[in-house]
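**Q** Submitted below is the structure of interest, expressed as structure tokens.
Values quoted throughout were computed directly from the atomic coordinates according to the rules given, and no laboratory measurement underlies them. In this text, all values refer to a predicted model and were calculated from it rather than measured experimentally. Backbone-built Cβ (ideal geometry, glycine too); neighbour counts: all protein chains shown.
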């Protein structure tokens, strides 16, 4: 079953998860167990390969795969659905990882989450960590996310804690219903990447060379909105259409 078929709010109480040690993580993986509903906060798991592992509903804030020596960790086909992953406290570092075909994101759409937070605020309720969680301070630099799927994610643009992607491979990746406002993708690889019904691309930075990738990759499922977008391309050309319609920032080349 596709984990994103039915948007539902997870009932997992993240605050009650028992923290695991690095050694316990290794033991679970050796035993063929998953890492779902675990507390991996602040662990450095560099070099601990876990292809195909499920980390659904886990607390992975401030997790790190960076040992300062560019060690590659195998996270291919891992599932990070409905994890608490971002925080303003410190970076969550999935750097120097092979995470091809990995899944990231939330069952709840961004519109649903934002409406719920507005309603809670009006009622004087304090949101939980999951409810306020976006991919704040997420660092996916120097990693291979080819074929990965990112669903219902706010990447923290315009907050000062935006996600960072430097020399990141997003070839054949899918961003579905994501907010990429003011995220710098100018130093990433976007061949055959899909941006399905983007919530916002305003201020997202790309280079001139990436224009064909964006034009090919933006997918609008609403008939009327798709027709409007296609008309903009036809009347203004690809560059102006991206700039005027989505407010994307296009630079000539990536500064050294």
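**Q** As a test of the formula, what do you get for the chain when each DSSP H run with n ≥ 4 contributes -39,500 (n - 2.57) and the sum is divided by the residue count, at 222 nm and rounded to the nearest 500 deg cm²/dmol?
**A** Working: 6 runs with 55 residues, N = 256.
The per-residue figure over the chain is -6000 deg cm²/dmol.
**Q** Compute the distance in nm between two label points, each set 7 Å from the Cα along the Cα-to-Cβ direction, one at residue 196 and one at residue 67.
**A** For residue 196 paired with residue 67, the spin-label model returns 3.7 nm.
**Q** Report, to one decimal in Å, the Kirkwood hydrodynamic radius for the chain based on all distinct Cα pairs.
**A** So the Kirkwood estimate lands at 18.9 Å.
**Q** Can you give me the orientation-averaged projected area of the convex hull built on the Cα atoms of region 177-224, in nm²? Can you show the working numbers first?
**A** Values: hull surface 13.5 nm².
Taking a quarter of the hull surface, the average projection is 3.4 nm².
**Q** For 56, 116, what's the fewest-to-most ordering of other Cβ within 10 Å of each Cβ?
**A** Fewest to most other Cβ atoms nearby, the residues stand as 116, 56.
**Q** On a 0 to 90 degree scale, rounded to 10, what angle separates helix 110-122 from the longest Cα axis of the chain?
**A** For 110-122 against the chain, the angle is about 70 degrees.
**Q** List 66, 179, 111 from most exposed to least, where exposure is judged by having the fewest other Cβ atoms within 10 Å.
**A** On the way: 66 19, 179 24, 111 12.
Arranged by neighbour count, lowest to highest, 66, 179, 111 become 111, 66, 179.
**Q** List the extent of the Cα atoms of region 18-59 along each of their three principal axes, largest first, rounded to whole Å.
**A** 19, 18, 14
**Q** As I understand it, the value is the acute angle between the Cα axis of helix 223-236 and the longest principal axis of the Cα atoms of the chain; what does it come to in degrees, rounded to 10?
**A** Here the helix axis deviates by roughly 50 degrees.
**Q** Report Rg(Cα)/(2.2 N^0.38 Å) for region 10-156, keeping two decimals.
**A** Normalised by 2.2 N^0.38 Å, the Cα Rg of region 10-156 equals 1.03.
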